[in-house]
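J.: Can you read through this structure? Questions will come right after.
Just so it is clear, none of the values below were taken in a lab; they were calculated from the coordinates. Just so it is clear, the model here is predicted, and its values are computed rather than measured. Every residue, glycine among them, receives a Cβ derived from its backbone with ideal geometry; neighbour counts consider all protein chains shown.
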Amino acid sequence: MKQSVKLIAGNWKMNGLGASLVEVEALRRALGDGPAACRVALCPPATLVERMAAAVRGGAIEVGGQDCRAEISGAHTGGVSAEMLKDAGAGLVIVGHSERRQEFGESDLLVSAKAEAAVRAGLAPIVCVGETLQQREAGQAVEVVRGQVMNSLPHAVTGRDFAVAYEPVWAIGTGLTPTLEQIEAVHRAIRAAMIERLGLASAAAPILYGGSVKPDNARDILAVPEVGGALVGGASLKAADFLPIIRAA
Ligand code: 13P
């Protein structure tokens, strides 16, 4: 990933049926198949990865998973491995989303193992970090996020694609966002931690901002230094909302 090319990734979360692929087709038509100004990815539920990958084949839109198991295969009922996502046509996978950290008690150690699994399978992990409101109010945002970055990243990224997504938990789905200064401060801290942890090999990996990114705030957020793209939830479900965010990059 070149630092200058932003990555706009949509996270559909637990939304989307086969009929929702009309949105992807609309997006593909609107973007055209020529060279794009930024990278665009959509992460649908696992049930749609293969169909979405088929719908965007030959075009510029990349497809990703929302989570993976750390293991390749085995007796893990309900689990989906990074290799399975790759086989279904994914090129990326989100790991460590705060909803998984909260709902499934995922630790930094587990997130790091999942990121490793993604690299092993040839997927680019998007490693999510972010503080809670309580941590933000206690003045601990930078410290918490730095700790998550130090402990959640894969061990090596040599020659591999990856991204970090800063998603303050209190900004997800709430319509609230940090100030641009707050976003910049955390992104700078993340960059420093990435370089400390992985060396200069990580200097070109984008740091995405996520949490209530909408058509009306995308341009300002994407112009913040060290913001290398966005991870978009609700506004990625409809092409009409996602397109203006892509165009703002
Ligand atoms: P919203 O854009 O809906 O706030 O969700 C952000 C998010 O969690 C993306 O992973």
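J.: Kindly write out, for the stretch 169-177 in residue order, the coupling ³J(HN,Hα) from the Karplus curve 6.51 cos²θ - 1.76 cosθ + 1.60 (θ = phi - 60°), rounded to whole Hz, with x marking Gly and Pro.
T.: My calculation for the stretch 169-177 gives 4, 6, 9, 7, x, 10, x, 8, 9 Hz in order.
J.: Would you be so kind as to identify which of Ala171, Leu85, Gln148 lies farthest towards the positive end of the dipole of the chain, taking Lys and Arg as +1 and Asp and Glu as -1 on Cβ and the Cα centre as origin?
T.: Leu85
J.: Ignoring everything except DSSP H segments at least 4 long, calculate the 222 nm mean residue ellipticity for the chain; use -39,500 (n - 2.57) per segment, divide by total residues, nearest 500.
T.: About -11500 deg cm²/dmol.
J.: Just the Cα atoms of the chain: what Rg and Dmax do they give in Å?
T.: Reported Rg and Dmax, both Å: 16.6, 48.
J.: How high is the relative contact order of the chain? Use alpha-carbon pairs under 8 Å, at least six apart in sequence, and give a whole percent.
T.: For the chain, the relative contact order is 21 percent.
J.: Charges at C-beta only: +1 for Lys and Arg, -1 for Asp and Glu. How large is the resulting dipole of the stretch 114-249 about its Cα centre, in Debye rounded to 20?
T.: Dipole size: approximately 360 debye.
J.: Could you identify which residue out of Gly34, Gly89, Gly79 has the top mean-square fluctuation in a GNM of the chain using Cα springs shorter than 10 Å?
T.: The residue with the greatest mean-square fluctuation here is Gly34.
J.: Any of Lys13/Lys238; Lys214/Lys238; Lys6/Lys238; Lys86/Lys214; Lys6/Lys214 with alpha carbons more than 18 Å apart? Name them for me.
T.: Lys6/Lys238; Lys86/Lys214
J.: Based on the alpha-carbon set only, what is the convex hull volume of the stretch 149-249 divided per residue, in Å³?
T.: Spread over its residues, the Cα hull of the stretch 149-249 gives 101 Å³ apiece.
J.: Continuing with the same structure: To the nearest 20 debye, what is the magnitude of the charge dipole of the chain about its Cα centre, counting +1 on the Cβ of each Lys and Arg and -1 on the Cβ of each Asp and Glu?
T.: It works out to roughly 500 debye.
J.: Please give the per residue volume of the convex hull enclosing the alpha carbon atoms of the stretch 102-166, rounded to a whole number of Å³.
T.: Enclosed volume per residue, from the Cα hull, is 82 Å³.
J.: Computed from the mean reciprocal separation of all distinct C-alpha pairs, what Kirkwood hydrodynamic radius does the stretch 1-83 have, in Å?
T.: Computed over the stretch 1-83, the radius equals 14.0 Å.
J.: Next question. List, in order, the whole-Hz ³J(HN,Hα) value for each residue of the stretch 190-203 obtained from phi through the Karplus relation with A = 6.51, B = -1.76, C = 1.60 and θ = phi - 60°; use x for Gly and Pro.
T.: 5, 4, 4, 5, 4, 5, 4, 7, 10, x, 5, 4, 9, 5
J.: Moving on to the next point. Evaluate the Kirkwood expression for the hydrodynamic radius of the stretch 73-216, namely the inverse of the mean inverse distance over all pairs of different C-alpha atoms, and round to one decimal in Å.
T.: Evaluated on the stretch 73-216, it is 15.6 Å.
J.: A further question follows. Of the residues Glu196, Glu103, Glu116, which exhibits the maximal mean-square fluctuation in a Gaussian network model of the chain defined by a 10 Å Cα contact cut-off?
T.: Top of the fluctuation ranking is Glu103.
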